[in-house]
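Asker: Quick one: this structure, given as structure tokens, is what I'll be asking you about.
The values are calculated or read from the model by the stated rules, or taken from the named source; none is laboratory data. Predicted model, so just to flag it, every value in this text is computed and none were measured. Quick reminder, even Gly has a Cβ in these numbers, built from the backbone with ideal geometry, and neighbours come from all protein chains shown. What goes into the accessible areas is simple: the full protein's heavy atoms, side chains included, and nothing from ligands, DNA or RNA. Shrake-Rupley method; radii C 1.70, N 1.55, O 1.52, S 1.80 Å.
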Amino acid sequence: MSEYLPGLAGVPATKSNISDIDGEAGVLFYRGYPIEQLAQHSSFEETTLLLLDGELPTTASLAAFDQDLRDNRQVKYHIRELMKALPATGHPMDMLQTAVASLSMFYPGTECLTSTEMCEDLNYVHNMTVKLIARMGTIVAMWQHLRNGYEPPAPREDLSYAENFLYMLNRKEADPLLAHIMDVCLILHAEHTINASTFSTLVTASTLASPYSVIAAAIGTLSGPLHGGANQRVLEMLNDIGSPDKAEAYVDKKLANKEVIWGMGHREYKTKDPRATILQGLVTKLMNSRGGSTNRLLETALEVERIVEDRLAHKGVYPNVDFYSGILYHEMGIPADQFTTIFAISRSAGWLAHWREQLGDNRIFRPTQVYTGHAKREYVPIDGR
Ligand code: COA
């Protein structure tokens, strides 16, 4: 019997050449490119194509991909009607999972997934990928209006992915700095090796389920507070703490009660997550653009980081990607319960790159278990128990 490792910690679940993490050094690469360079020079559209195809695109292939994304932003009105039927009080991640799963009814496409043969039709994979990524931003932005009782604005084709998302969310064109910040956030969240939701992607993909089912499964997995749901909880935590002077007592009480500090710790990183460093820089940039005003949330966050480092550095617990993204989104006027949906929009790029990789060399996932139940025993009729 092989050794059982809880949480499959350190157990390779696949071979992949999409991204890589050096958790000791705190570095992240997409297809070999450091995340810092992509955040500085790339766009979400280009990074997505890099993740999917494995190489930085030429001008022509990027333009064609970008145009495909723009052409696929519309969603059929049936989906809008379906979304209207959902309770406004529901969590946006549940809405997103429902709406994405419903896409398979309106935009079917399983033609490449009908046998145990590998799916080698890259046009098919490309088309399904574009259909999903392009529409996820539209769906999330539409929900902001629908849940408040208003018709959403139509997507625009003359804007980049990040610009269109913010335009649809706010019904007005975004300030260029905010559009740039959103673009960088989408790049930073796009991929992260075999985390829980990507593993879920692989498992569902391995059954040759439709890509809509694959992404709906991944969205459900991302929604949990130990994964993507942590960014919303970071903001709630910082608001609960209230001010930097209360951070120490708060952190110590949580640790004494064996509770987690949201946005801290990571299975892979034993130092500060490089994405947290970039996001922290973006918060400062945004604050400086507003005259360098002090920010209670940021000051509280910095103090929480200092105290957690003091208490937990020996366990390798430092800020992860969710620690500063919540502050950033909040300062951009985005409601806290939409933070994780933005994460999902972005991560759809990585999930679909892994979907493609899985289809290229597929074998259904079927792990084993360590049985800890009863040995064989005889059934006892109900009146004899
Ligand atoms: N707050 C307090 N203690 C933490 C912690 C946190 N956020 N993250 C890890 N630790 C502690 C654990 O309690 C454990 O202590 P122990 O060795 O005394 O039992 C030690 O650090 C190692 O952590 P472990 O639970 O083995 O890490 P993991 O790889 O199983 O879990 C997370 C990783 C992300 C689930 C975990 O760090 C966590 O719950 N973080 C908060 C949620 C979050 O921000 N999630 C977003 C991740 S991007």
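Asker: At 24 Å minimum axial length over the Cα atoms and a Kyte-Doolittle cut of 0.0, report the qualifying DSSP H helices in the chain, or say none. Write out the running numbers ahead of the final one.
Answerer: Details: long enough: 122-146 (36 Å, 0.52); 339-360 (32 Å, 0.13).
Qualifying helices, which must be both long enough and hydrophobic enough, are 122-146, 339-360.
Asker: Quickly rank 195-201, 10-16 as a protection proxy: mean count of other C-beta atoms within 10 Å, highest first. Working shown, then result.
Answerer: Details: 195-201: 22.4, 10-16: 11.4.
So the order, starting with the most tightly packed, is 195-201, 10-16.
Asker: By average Cβ neighbour count within 10 Å, what is the ranking of 219-229, 311-321 from highest down?
Answerer: Working: 219-229: 19.7, 311-321: 17.1.
By packing density, highest mean first, the sequence is 219-229, 311-321.
Asker: Excluding Thr340 itself, what net charge comes from residues whose Cβ is under 14 Å from its Cβ, given Lys and Arg +1 and Asp and Glu -1?
Answerer: Values: positive: Arg233, Arg347; negative: Asp94, Glu236, Asp322, Asp337.
After counting each charged neighbour, the total is -2.
Asker: Also, I was wondering about something else. What is the dipole size for the chain, taken about its Cα centre, with +1 at each Lys and Arg Cβ and -1 at each Asp and Glu Cβ, in debye to the nearest 20?
Answerer: Working: 35 positive and 46 negative charges, 204 e Å.
Here the size comes out at about 980 debye.
Asker: Continuing with the same structure: Looking at the calculated P(r) for the chain, what percent of the C-alpha pair distances fall above 30 Å? List each step's numbers first, then the result.
Answerer: On the way: 30609 of 73920 pairs.
I get 41 percent for the Cα pairs in the chain exceeding 30 Å.
Asker: Using a 1.4 Å probe on the protein heavy atoms, what percent of the accessible area of the chain belongs to carbon and sulfur? Show your work: numbers first, answer last.
Answerer: Working: 9420 of 18260 Å².
Result for the chain: 52 percent of the exposed heavy-atom area is carbon or sulfur.
Asker: May I pose another question? Suppose R0 equals 41 Å; then what is the FRET efficiency for His314 and Ala85 from their Cβ-Cβ distance, rounded to the nearest 0.05?
Answerer: On the way: r = 51 Å, r/R0 = 1.25.
The calculated FRET efficiency here is 0.20.
Asker: Can you give me the long-range amide H partners of Ser19? Hydrogens built in the peptide plane at 1.01 Å from N, cutoff under 5 Å, separation of 5 or more residues or another chain.
Answerer: For Ser19, whose amide H was placed from the backbone, the distant partners under 5 Å are Arg31, Thr193.
Asker: For Lys76, give me every one of the lysines with a C-alpha distance below 28 angstrom, ignoring sequence neighbours fewer than eight places off in its own chain.
Answerer: Lys84, Lys131, Lys172
Asker: Kirkwood-based Rg over Rh for the range 15-101 (C-alpha set), two decimals? Please report the intermediate quantities before stating the final value.
Answerer: Values: Rg = 17.8 Å, Rh = 15.9 Å.
We get a ratio of 1.11 for the range 15-101.
Asker: If packing is taken as the average count of other Cβ atoms within 10 Å, what order do 46-54, 242-250, 346-354 fall into, highest mean first? Display every interim value, and only then the final one.
Answerer: Details: 46-54: 22.8, 242-250: 14.8, 346-354: 27.2.
Sorting 46-54, 242-250, 346-354 by mean packing, highest first, produces 346-354, 46-54, 242-250.
Asker: Placing +1 at every Lys and Arg Cβ and -1 at every Asp and Glu Cβ, with all other atoms neutral, what dipole size does the range 230-331 have around its Cα centre, in debye to the nearest 20? Don't skip to the answer; put the middle values down first.
Answerer: Numbers: 15 positive and 15 negative charges, 45 e Å.
Once rounded to the nearest 20, the dipole reads 220 debye.
Asker: For n ≥ 4 DSSP H runs only, could you compute -39500 (n - 2.57) per run for the chain, divide by its residues and tell me the 222 nm figure to the nearest 500? Before the final figure, lay out the partial values.
Answerer: Working: 16 runs with 212 residues, N = 385.
Counting only the DSSP helices, I get -17500 deg cm²/dmol.
Asker: Quick one: of Lys15/Lys285; Lys258/Lys285; Lys254/Lys315, which pairs are farther than 27 Å apart, Cα to Cα? Please list the in-between numbers first.
Answerer: On the way: Lys15/Lys285 38 Å; Lys258/Lys285 35 Å; Lys254/Lys315 16 Å.
Pairs exceeding 27 Å: Lys15/Lys285; Lys258/Lys285.
Asker: Could you list, by residue number, the cysteines of the chain that have no other cysteine's beta carbon within less than 4.7 Å of their beta carbon?
Answerer: Flagged as lacking a Cys partner: Cys185.
Asker: Let me ask something else about it. Taking the alpha-carbon centroid of each part, what is the distance from the range 1-69 to the range 214-250 in angstrom?
Answerer: Going from one Cα centre to the other spans 24 Å.
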